[in-house]
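Worksheet for the structure shown next.
The values are calculated or read from the model by the stated rules, or taken from the named source; none is laboratory data. Please read all numbers here as calculations on a predicted model, not as lab measurements. Areas reflect the complete protein model, heavy atoms only, side chains present, ligands, DNA and RNA absent. Shrake-Rupley method; radii C 1.70, N 1.55, O 1.52, S 1.80 Å.
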Amino acid sequence: MINLKTKILFFSFIFLLNLALVTSRSWVTPRFHVHIIDALPPNSKLILHCQSQNDDLGYKVLHPKAEFNFHFNQKIFGGTLYFCHFWWNGKSISFDVFNSNIAGKCGQIDGDNLECYWNVQADGFYFGARRNPPPAYEKQHDWKQ
């Protein structure tokens, strides 16, 4: 028979473990910050719609030099995917802005925090790993008519 002191200790441990998991999800999986930067010509308007299987981030309108960003914890067993549809100047394209391949290219901020940058330009979409030092952007996608 288990005594009262042992039961209290056991349930206290379970409570503290649950509290740690709820308050610090990054303790379990990395936290990613995805930034989408409008580097299009002045007086233009970029429309984008981003979502994952579980989260619809809605439609956003960006103007040059503006930024849209979002963050999330990667799924415990992988498979986290966010994709965006972009519209600008009669052109559009849809592609993954985050998946397991992209995750490996993101830059570490600190601990389990990583960041990924998408720079939207008139000739296409460029990916960079982190803000400091400034990303060395590499072209990944072209606009489609």
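For the reader, a short list of remarks on this structure follows.
- Among the residues of segment 121-134, those that are more than 16 Å from the chain's Cα centre (by Cα) and either of a type in the set (A, V, I, L, M) or open to solvent by 20 Å² or more (accessible area, probe 1.4 Å) (or both) comprise Gln121, Ala122, Asp123, Asn132, Pro133, Pro134.
- Selection of segment 69-112 for residues being open to solvent by 30 Å² or more (accessible area, probe 1.4 Å), in a strand (DSSP E or B) and among the hydrophobic types (A, V, I, L, M, F, W, C) yields Phe83, Trp87, Ile109.
- Residue, nearest to the chain's Cα centre (by Cα), within segment 15-39, restricted to residues that are outside any strand (DSSP E or B) and at pLDDT 75 or above: Pro30
- Restricting segment 40-56 to residues that are part of a loop (DSSP other than H, G, I, E, B) and polar (S, T, N, Q), the residue that is nearest to Phe98 (Cα to Cα): Gln53
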